[in-house]
Every structure is written in C-alpha cells, then in structure tokens.
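Taking it in order: structure first as structure tokens, then the write-up.
The values are calculated or read from the model by the stated rules, or taken from the named source; none is laboratory data. As the structure is a computational prediction, the values presented were derived from the model and not from experiment. Methodologically, a virtual Cβ is constructed for each residue, glycine included, from the backbone with ideal geometry; neighbour enumeration extends over all protein chains shown.
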Amino acid sequence: MTQPALPHVVVLAMGGTIAGTAASSTDATGYRAGTTGVDAMLAAVPEVVTKARITGEQFAQMDSSDLTDELLLALAHRVDALLARPDVDGIVITHGTDTLEETAYLLHLVLASAKPVVLVGAMRPASALSADGPINFFAGVAVASDPASAGRGVLVVMNDEIHTARDVTKTASLSIHAFESPYGALGVVVAGRPVYYRGVARPHTTQTEFDLAAIDTLPRAGIIYAHSGLDERVVSLVEAGRYAAIVHAGFGNGTVSSRMIEPLEAARHAGTVIVRATRTGSGHVTAVGASGSVVDGWISVDDQNPPRARILACLALTVTRDPAEIQRIFDTY
Ligand code: SIN
C-alpha cells in the first residue's frame, strides 16, 4: 500500500542563537548568533524528514536584535508568497528569540492563510552542551506539518510548548523555559505530535482587516519606557513629531507622569498617535486611568505588551488615522 505523501514544509532561516556558535561547548552565553546556515540545521536534525518534506531557505543570517521593520515586512511578504503556493503546506521560521514575539505577532495579523506558520528559536547556541535548538526545530516541524495546527494563527514552539503569537512573550534572559503566555500555552508537543487544549479567541490571519499586499512600508513607531525621574525632553529627543506612533510603556494601568503629558500632547498635535501601555509585564490598560494621565484621543492597549502594541500601532496606521478606529483595532486584536 502506498503511503500518503508527507506535507511539504518550507524552513525559512533568520539566524539567532538557534544558528549560533561559541568556541566551547560549555559556553552558552559568549557566542555569536546567526553564524551557521539552514543546511547545517537540517543536517543536525535529520529526524525532521519523518514529519515532512523539507525545503530550506536562508532568508537572513542575523542577531534578531538588529531586525528592522523593513526586513520584518520583507519576511512577511516572502512567507505570504510561499503560503500562496499550492505545493507548500506549512512554514517553519527559525528566528532569534530576542524579537521573535514581534515577528510572530506581525505575521499573525497579516498572513491571510490557514496553513500553519511556526516560529522556533533557541536559548543555547547550536554548539552548546544540551543545545535546545535541535529539539525546538524538530517540534516546530512536527507542529507545522500537522493538520491540527491549521487555522490557529501563527504559533511559537519553544521547550515543547505551543503558544499563540498573540500572547507569547520572552520572559527570561537565559533559561530554556523563556517563552510564556499570560493565559497559558495553546498546547504541548508530546511524542513528536502537537496536542491542543485551547484556541485563540481574537481574530488573526484570515480574519483580520490588514491587507499585506497593500503594505509596502510600515509607519514609524517607537516606545518610550517610563521610569521615575523620566525627563519630558525625551519626547523631543526622539523627534516625536516624526513618529507616526509612540507607545508609552507607563506605570501600572498605563499611567503617564504629569511631566510627560504636555510633550506627548504636543507630539499628538504634530500628528503622532499616542498609545498607553504598561511596563508591569501583564494586565489590561483601561481607557480611564489614574487621575490626569489620560487625554482624549490617546489610545489604550487592552492587554498588549509594549513591543506588540508597537506592531499593532504600525498596522492600525495602515488602515486609519482616526483615534476611535485605532482604539477599536486595539480592542479587537
Ligand atoms: C537573537 O535574538 O538573535 C539572539 C538571541 C537568541 O536567539 O536567543
């Protein structure tokens, strides 16, 4: 009896620690990210051929801390083109963990396909004792090649857990259990197969209003991190008026220091969208906040962390500049 053909998974390699090497196998910190190529990764994990027919593509070879919005958008267009091909069943993106959550979230909102797209990374370089890259890569291919993963939006697979790109955050600097979601993982990888326990409530991929085909550049957006003693001149230092959006990572429920209100308002009048987020690491930012720290026309982030709020602000601005509409977008996704 002939076996059904294995799914075809394209592996897009971006670099990162998963492709990093150090001089010594006991050195898991003093290494260079993105030094080995996709072929080396495929050779190191030949077991993936039990899950899928694999095509490897070296999209970038970098430390993800150097990722630009231009390259991020180019990656989205490349993934979109691959997903449109009938011979491609799923995508695995190997990526540095430092900005993996931003890449995953942008793709989650702009890829109009139900085919699985999975991001994986590693906390230890490929040369390290007990490197986590090979098992994360194998698990990523297992998830991307399984029909149960279709229609769940973009997924992040790390340390045998499957997370939705909407929620997942890097929460540790060195531990291999570095990725967590505030409401828990969607599922786990057990014996080389994905097992799901929950779905994603907010719209993604095929359900969003963002039209990747019409986006050839992302509006410029940045983050200001609140701290005691924050100098209000920081807003002019970052040329606020030339930013399409500023996410203010504020205190508690998105609280903005009274010193910051005037410069942020000046930036808003110069055309910058002001988005209130929180630096606390979790929880909602409500439209009505602590006394005096909310101004009409400012946006509150729902529960998004500042890096993902920045991505969502960029995408919202490709659709509208109306603050009420931007607030609707934040409350929707
Ligand atoms: C990077 O993000 O490229 C380096 C760090 C990592 O992958 O863990």
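Please verify whether the range 311-325 includes one or more residues that are modelled with pLDDT of 95 or more, of a type outside the set (D, E, K, R) and part of a strand (DSSP E or B). No, the conditions are met nowhere in the range 311-325. Among the residues of the range 256-288, those that are surrounded by 21 or more Cβ atoms within 10 Å (Cβ to Cβ) and touching a Gly at 6+ places or on another chain (Cβ under 8 Å) comprise 256, 267, 272, 274, 276, 277, 278, 285. With respect to the conditions (1) surrounded by 15 or more Cβ atoms within 10 Å (Cβ to Cβ); (2) of a type in the set (Gly, Ala, Ser); (3) under 23 Å from residue 169 (Cβ atoms); (4) within 21 Å of the chain's Cα centre (by Cα), residue 244 falls short on a single one, namely (3). Restricting 148, 40, 74 to those that are out of contact with any Ser or Thr (no Cβ under 7 Å at 6 or more places or on another chain) and either without any contact (Cβ under 8 Å) to a residue 24 or more places away in the chain or assigned to a strand (DSSP E or B) (or both) reduces the list to 74.
Inside the range 87-117, residues that are hydrophobic (A, V, I, L, M, F, W, C), more than 20 Å from residue 316 (Cα to Cα) and away from the ligand (no atom under 16 Å from the Cβ) make up a count of 4.
In the list 167, 132, which residue meets the criterion of being of a type outside the set (A, V, I, L, M) and away from the ligand (no atom under 15 Å from the Cβ)? Steps first, answer last, please.
Working: 132 fails: away from the ligand (no atom under 15 Å from the Cβ).
Answer to the check: 167.
The single condition from (1) surrounded by fewer than 18 Cβ atoms within 10 Å (Cβ to Cβ); (2) assigned by TED's automatic domain parsing to the domain that holds residue 113; (3) over 29 Å from residue 215 (Cβ atoms) that residue 81 fails is (3). The lone criterion from (1) out of contact with any helix residue (DSSP H, G or I) (no Cβ under 6 Å at 6 or more places or on another chain); (2) under 21 Å from residue 261 (Cα atoms) left unmet by residue 301 is number (1).
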